[in-house]
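Undergrad: Mind looking over this structure? Questions follow.
The values are calculated or read from the model by the stated rules, or taken from the named source; none is laboratory data. Predicted model, so just to flag it, every value in this text is computed and none were measured. Glycine also receives a Cβ, built like all others from the backbone with ideal geometry; neighbour counts cover every protein chain displayed. Ligands, DNA and RNA are excluded from the accessible area calculation, which covers all protein heavy atoms including side chains. Shrake-Rupley method; radii C 1.70, N 1.55, O 1.52, S 1.80 Å.
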Amino acid sequence: MKRILFIFLSLIFVTTSVSAQRARFELSFKSSVPADVSTVYIQPLDVADDIPSVPMRLKDDVYTGSVPVSTSGFYEVVMVINGGQWLATVYSPKNKKVELAVEFDGQALVENSGVDNRALSALNTQILSNSRKLWLVNGMSDKELMSLMRSHVSVKDSIIKTCCPAPAVVDYMNAWAYTASQSFYTSIPRAQKRKLKDLSFVKEDVLSPCDSILDNENAALLPAAVQHVFASIADKSQLGLDGMLSALYDGYKCEAVRVKVADMIMSRFLSRHSYAMDFDGGLECVKRVVDDFDLSDKYIDEYLKHEAVLIGADFPESVVLADLDGEEVDFSTFKGKYVYVDLWASWCGPCCMEVPHLQALEKELEGSDFVFVSISTDTDQNAWKSKVAELGMHGNQFFDRDNELGRVLNVGGIPFFLIYDKDGKLHTYGAMRPSAGEQLKEFLLNLK
């Protein structure tokens, strides 16, 4: 037992030590620092951790900073130049000191210190060039579009053959070129003002199945690659939650890809499931897939938070309401009366159109067993307060401090209305709007 404990503590120490390691970055320009560079960041790319970007400090024409070591060896250089954001991916494994010499040619960021970064920069330049052509050259033919789309992969292959980068860089470049082709294809309607169905080719004419390219940890570093895998699985939504997860686990062996895409599949299910219609069935399904695919219990916990949609449920305890003065409000203080809740936001036109009807109804039922509560889902408290003043809203005006209520109640759109009974239990989920007028008034007066 002591030996097991020693090994466990040793692993904790090693993990903590690795995550605490930092690399010193020194980034200079091959020529002088451009006058219009306002900010430089380094973003470590890591499949296991969401590491924040680190701003660099400028001294003597060199940007320096201490950055958490990325276990993948990949980093993203982010520069804000003349108001625009430019990115360059660099590969620097097992280095405590990283020296980069960046050049900005007006079209792309280039870093050529070694074959790995030379290959990454060359591919980045090609991808940006293709994107510019797509958006700036009008009236491109199907042949031209297809050729550009294919060039992401063909140029990538040529770069790899010429530079012979590390295997990890090859995996990353394969995924990058693949997702760039996918993005190019989906951008055609907006860039060229043409519908995809009117093209003489489909993306499958250019792209091979994604599981042959994106099933590795270095591909998982690219959000677009993970999103593409998810999209291919989501196309199988008719198979249900179990079927989509089975398709993922049967088609992909890389654990990083599995974890990221499984999270997207579960999040989609949790956001779209009709809890009020089938709470028990959905819970059984989530528990089953968590067990079958060895997923985190967090998905069960997240599902259970939606018990608040069930008739007879209490107002969710996790929701923190604040009034116009910033003071917290206890929803239970309304017990003894029926509570009609308006979930709205200042930016929502239909919400604001309901306000006069709500105020008229509140005035008609003044002194009765009804309380009217408006809860804002705004993220900007000042915008909420300004709209309350503009519309002359009075009475119980509250702010959902953590923007939690709509999520736990699985509200897909606002305005949304609920009714709680005198015991503080949910009576009606998705109540009639105030603009229903006499119909709503009669419904409220007949509540027992």
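Undergrad: Name the pairs whose Cβ atoms lie under 6 Å apart, with the first residue in the stretch 424-441 and polar (S, T, N, Q), the second open to solvent by 60 Å² or more (accessible area, probe 1.4 Å), and 6 or more positions between them or separate chains?
TA: Partner pairs satisfying both residue conditions: Ser435/His357.
Undergrad: A follow-up question, please. List every residue pair whose Cβ atoms lie under 7 Å apart, where the two residues are 6 or more positions apart in sequence or sit on different chains, the first residue falls within the stretch 143-171 and is within 26 Å of Leu199 (Cβ to Cβ), and the second residue, located anywhere, is crowded, with 19+ Cβ neighbours inside 10 Å and among the small types (Gly, Ala, Ser).
TA: Within 7 Å, the pairs are Met149/Ser181; His152/Ala177; His152/Ala180; His152/Ser181; Val153/Ala177; Val153/Ser181; Lys156/Ala177.
Undergrad: OK, next. Among the numbered criteria (1) open to solvent by 30 Å² or more (accessible area, probe 1.4 Å); (2) assigned to a helix (DSSP H, G or I); (3) acidic (Asp, Glu), which single criterion is violated by Glu317?
TA: (2)
Undergrad: Please find, among Asn130, Asn117, Asn95, the residue that is touching a strand residue (DSSP E or B) at 6+ places or on another chain (Cβ under 7 Å) and modelled with pLDDT of 95 or more. Walk me through how you get there before you give the answer.
TA: On the way: Asn130 fails: touching a strand residue (DSSP E or B) at 6+ places or on another chain (Cβ under 7 Å); Asn95 fails: modelled with pLDDT of 95 or more.
Residue meeting the stated conditions: Asn117.
Undergrad: What do you reckon, is Lys197 out of contact with any Cys (no Cβ under 8 Å at 6 or more places or on another chain), assigned to a loop (DSSP other than H, G, I, E, B) and on the phi < 0 side of the Ramachandran plot? Let's see the steps before the verdict.
TA: Working: out of contact with any Cys (no Cβ under 8 Å at 6 or more places or on another chain): yes; assigned to a loop (DSSP other than H, G, I, E, B): no; on the phi < 0 side of the Ramachandran plot: yes.
Taking the combined requirement at face value, the residue does not satisfy it.
Undergrad: Would you please name the residue that is least open to solvent (accessible area, probe 1.4 Å), looking only at residues in the stretch 389-408 that are in a loop (DSSP other than H, G, I, E, B) and at pLDDT 90 or above? Spell out the reasoning first.
TA: Applying the first criterion (in a loop (DSSP other than H, G, I, E, B)) to the stretch 389-408 yields 391-395, 401-404.
Next cut, at pLDDT 90 or above only: 391-395.
On the way: Leu391: 53, Gly392: 44, Met393: 21, His394: 92, Gly395: 56 Å².
My answer is Met393.
Undergrad: Here's a follow-up. Does the stretch 209-248 hold any residues that are assigned to a loop (DSSP other than H, G, I, E, B), over 21 Å from Phe184 (Cβ atoms) and more than 20 Å from the chain's Cα centre (by Cα), and which are they?
TA: Within the stretch 209-248, Asp215, Asn216, Lys236 qualify.
Undergrad: Let me ask another. Looking at the stretch 48-78, which of its residues are open to solvent by less than 30 Å² (accessible area, probe 1.4 Å), closer than 25 Å to Ala166 by Cα and modelled with pLDDT of 90 or more? Steps first, please.
TA: Just the residues of the stretch 48-78 that are open to solvent by less than 30 Å² (accessible area, probe 1.4 Å), to begin with: 51, 54, 56, 63-65, 67-68, 70, 72-75, 77-78.
Add one more test, that the residue is closer than 25 Å to Ala166 by Cα, and what stays is 51, 67-68, 70, 72-75, 77-78.
Passing the criteria: Val67, Pro68, Ser70, Ser72, Gly73, Phe74, Tyr75, Val77, Val78.
Undergrad: Could you tell me how many of the residues in the stretch 208-241 are over 24 Å from Gly281 (Cβ atoms), among the small types (Gly, Ala, Ser) and at pLDDT below 90?
TA: Count: 2.
Undergrad: Specify the residue that is farthest from Ile311 (Cα to Cα); the eligible residues are those in the stretch 415-426 that are outside any strand (DSSP E or B) and open to solvent by less than 40 Å² (accessible area, probe 1.4 Å). Lay out the reasoning, then the answer.
TA: Filtering the stretch 415-426 down to residues outside any strand (DSSP E or B) leaves 415, 421-424.
Pick out the ones that are also open to solvent by less than 40 Å² (accessible area, probe 1.4 Å) and you get 415, 421, 424.
On the way: Pro415: 20, Asp421: 10, Gly424: 11 Å.
Top of the filtered list is Pro415.
Undergrad: Same structure again: Suppose the filter is touching a His at 6+ places or on another chain (Cβ under 7 Å) and either of a type in the set (Ser, Thr, Tyr) or open to solvent by less than 20 Å² (accessible area, probe 1.4 Å) (or both); does Ala191 pass it?
TA: Values: touching a His at 6+ places or on another chain (Cβ under 7 Å): no; either of a type in the set (Ser, Thr, Tyr) or open to solvent by less than 20 Å² (accessible area, probe 1.4 Å) (or both): yes.
So Ala191 does not fit the description; no.
Undergrad: Ser386 fails exactly one of the following numbered conditions: (1) open to solvent by 40 Å² or more (accessible area, probe 1.4 Å); (2) touching a Ser or Thr at 6+ places or on another chain (Cβ under 9 Å); (3) farther than 18 Å from Pro316 by Cβ; (4) assigned to a loop (DSSP other than H, G, I, E, B). What is the number of that condition?
TA: Against the list (1) open to solvent by 40 Å² or more (accessible area, probe 1.4 Å); (2) touching a Ser or Thr at 6+ places or on another chain (Cβ under 9 Å); (3) farther than 18 Å from Pro316 by Cβ; (4) assigned to a loop (DSSP other than H, G, I, E, B), Ser386 comes up short only on (4).
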